[in-house]
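Inspection log for the structure reproduced underneath, given as C-alpha cells.
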Amino acid sequence: WVTNPQLSQYRFLHFATHGFADPNNPELSGIVLSLVDKQGKPANKGYLRLGDIFNLDFAADLIVLSACETGLGKDVNGEGLVGLTRGLMYAGAERVGVSLWQVDDAGTAQLMQEFYTQMLKQGKSPTVALRAAQLKFWENSTLKNPYYWSAFTLQGEWR
C-alpha cells in the first residue's frame with residue numbers, strides 16, 4: 001500500500017513503525033512495514049528500503065517517521081547526509097519529522113498526539129507545533145525529562 005500512487009494525494013503521512021538507519025551502507029536503511037502477509041505467513045517484502053523510498057512520489061506537506069533513529073544517515077563528501085530524510089524529501093515531501101536517537105514508545109505516542117493537536121486543531125505550522133508540544137512536555141512534571149520529547153526534529157521547509 002505504501003508504494004500505491006494513491007498515497008500521493010495525502011498532505012500528511014505518519015509512519016508509526018520501526019525504522020533503521022545503516023550509517024555504513026545507507027541504501028540498506030529503511031522502515032519496517034509488515035513481516036507477515038495477508039495469510040499470516042512470513043513476508044519477505046516487509047521492508048521499505050531507502051532505494052524504494054527514492055522512487056516514490058509523495059507530494060506531502062509533512063511525513064513523520066516516529067521511530068527510533070530515523071534521522072540518522074551517512075555523511076557523504078559532496079552529497080551531505082544520505083538517509084531516510086533525504087530519501088523522503090527526494091520523493092517529494094516538503095518536510096520530514098524524524099528522531100535522532102532511541103525513543104520511548106509511550107512518550108512518543110503522547111508527543112505525537114500533542115504535536116498533531118497543536119498543528120491541526122490550533123492551526124500552527126509544523127515547526128511551531130513541534131516546538132509547542134515539546135515545551136508542553138518540558139513543563140509537564142511526568143514527561144519533563146528530555147528523553148521523552150527532544151529526539152524529534154523537522155527537516156525541510158521551515159514555514
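Please work out the C-alpha center-to-center distance from the range 88-159 to the range 1-16 and express it in whole Å. Computed from Cα coordinates, the inter-centre distance equals 19 Å. When only the Cβ of Lys, Arg, Asp and Glu is charged (+1, +1, -1, -1), the dipole of the chain relative to its Cα centre reaches about 380 debye.
Restricting the calculation to Cα atoms, the chain yields a radius of gyration followed by a Dmax of 15.8, 46 Å. Considering the dipole of the range 65-121 built from charges on the beta carbon (Lys and Arg +1, Asp and Glu -1) around the Cα centre, which of 117, 90, 66 is farthest to its positive end? Going by the charge dipole, the pick is 90. When 3, 108 are compared by accessible area of protein heavy atoms, the largest-first order is 3, 108, using a 1.4 Å probe. Counting only DSSP beta bridges with both residues in the chain, the antiparallel share comes to about 70 percent.
In this structure the range 5-99 gives 55 Å² per residue of accessible area when probed at 1.4 Å with all protein chains present. Explain nothing, just the number: dipole magnitude of the range 90-159 about its Cα centre with +1 on each Lys and Arg Cβ and -1 on each Asp and Glu Cβ, in debye rounded to the nearest 20. With Lys and Arg at +1 and Asp and Glu at -1, about 240 debye. In a simple Cβ point-charge model (Lys, Arg +1; Asp, Glu -1; nothing else charged), the range 5-99 has a dipole of about 300 debye relative to its Cα centre. Sites listed here are chymotrypsin sites (Phe, Trp or Tyr not before Pro) in the range 81-159 whose DSSP assignment is loop and whose Cβ has at most 14 other Cβ atoms within 10 Å: 101, 158. Entry for the range 105-156 at q = 0.25, 0.31 Å⁻¹: log10 I(q)/I(0) = -0.92, -1.25, Debye formula applied to identical alpha-carbon scatterers, no solvent contribution. Only DSSP H runs of four or more residues enter the estimate; each adds -39500 (n - 2.57), and after division by the residues of the chain the mean residue ellipticity at 222 nm equals -7000 deg cm²/dmol. In terms of overall dimensions, the C-alpha atoms belonging to the range 5-99 reach 45, 31, 22 Å along their principal axes, ordered largest to smallest.
The values are calculated or read from the model by the stated rules, or taken from the named source; none is laboratory data. These numbers come from a predicted model, not from an experiment. Don't worry about glycine lacking a Cβ; one is built from the backbone with ideal geometry, like all the others, and counts go over all protein chains shown. These accessible areas exclude ligands, DNA and RNA; they are computed on the full protein's heavy atoms, side chains included. Shrake-Rupley method; radii C 1.70, N 1.55, O 1.52, S 1.80 Å.
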